[in-house]
Amino acid sequence: MKFSPRGWALLACLAASVPAVWAGPQTMSTQAQDAGLETPWTVRKTIAGVLSQTDKLRPLFAQLDPQQWSDKKGAPGLYVAQRSTAQRQLNDLTVATNLFSQKVESLSLGLDLYFRLEALDVTARSLQEGAKAYADRATADKLAQLIAADFTSREQLQNYLRDLATSEEENFKIADEEAQRCRGTISREAPAASSKGTRKR
């Protein structure tokens with residue numbers, strides 16, 4: 001990528017006035033803490049708690065037999081598909097959790113994890129209703145308990161993502177203001193430099 005002299009001047013101005021925009025992950029992490037965000041260690045602990053809680057659903061999903069519900073009790077066939085979906089969602093959730101743990105400053109990775117948790121919650125609640133109607137009550141009650149217990153961890157994650165989004169929005173606002181200031185400075189300096197060159201001739 002090639003820049004004009006004016007483009008390089010703008011980049012230099014921004015780099016000098018908005019170090020947060022050009023800083024590496026470690027510096028940005030420190031600045032995020034200064035902005036009141038949870039420390040990376042705390043966030044990773046929260047994420048680990050989320051994953052640990054959701055993993056408890058695996059053996060329960062394995063116990064469910066929606067096909068039997070359908071064959072013997074006339075349950076809707078959609079429960080068969082939902083069980084497969086729930087198991088896939090758990091696997092995808094593990095991947096999303098690992099990715100976000102490596103980069104807790106990434107709002108996009110955090111939102112991906114959160115939305116996957118929400119999707120799993122919807123599927124799990126539907127299966128819990130199916131178990132309640134067509135399977136044994138103990139399994140349905142256990143599913144309900146695990147779904148409810150997972151709420152606290154997800155709420156902590158939600159609060160962190162909200163704070164992270166606010167912090168990023170503020171950083172972009174500062175960067176935009178500084179970019180405007182730099183453009184104004186460079187625009188004023190350019191005519192002055194041009195006038196000097198004309199007088200020398």
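Odds and ends about this structure:
- Subset of the stretch 35-65 [without any contact (Cβ under 8 Å) to a residue 12 or more places away in the chain and β-branched (Val, Ile, Thr)]: Thr39, Thr42
- Spans of helices (runs of 4 or more DSSP H) in the stretch 66-146 with at least 3 residues without any contact (Cβ under 8 Å) to a residue 60 or more places away in the chain and within 30 Å of Trp41 (Cβ to Cβ): 78-102, 107-134
- Boolean, Thr39 is touching a helix residue (DSSP H, G or I) at 6+ places or on another chain (Cβ under 8 Å) and modelled with pLDDT under 95: yes
- Taking the listed residues Leu157, Leu164, the one that is aliphatic (A, V, I, L, M), touching an Asp or Glu at 6+ places or on another chain (Cβ under 8 Å), at pLDDT 75 or above and part of a helix (DSSP H, G or I) is Leu164, with no other qualifying.
- Matching residues, the stretch 71-102, being at pLDDT 95 or above and among the basic types (Lys, Arg): Arg83, Arg88
- Here the condition is being within 23 Å of Phe151 (Cβ to Cβ), at pLDDT below 95 and of a type in the set (A, V, I, L, M, F, W, C); of Val21, Val50, it holds for Val50 alone.
The values are calculated or read from the model by the stated rules, or taken from the named source; none is laboratory data. Please read these numbers as outputs of a predicted model, since none were measured by experiment. Methodologically, a virtual Cβ is constructed for each residue, glycine included, from the backbone with ideal geometry; neighbour enumeration extends over all protein chains shown.
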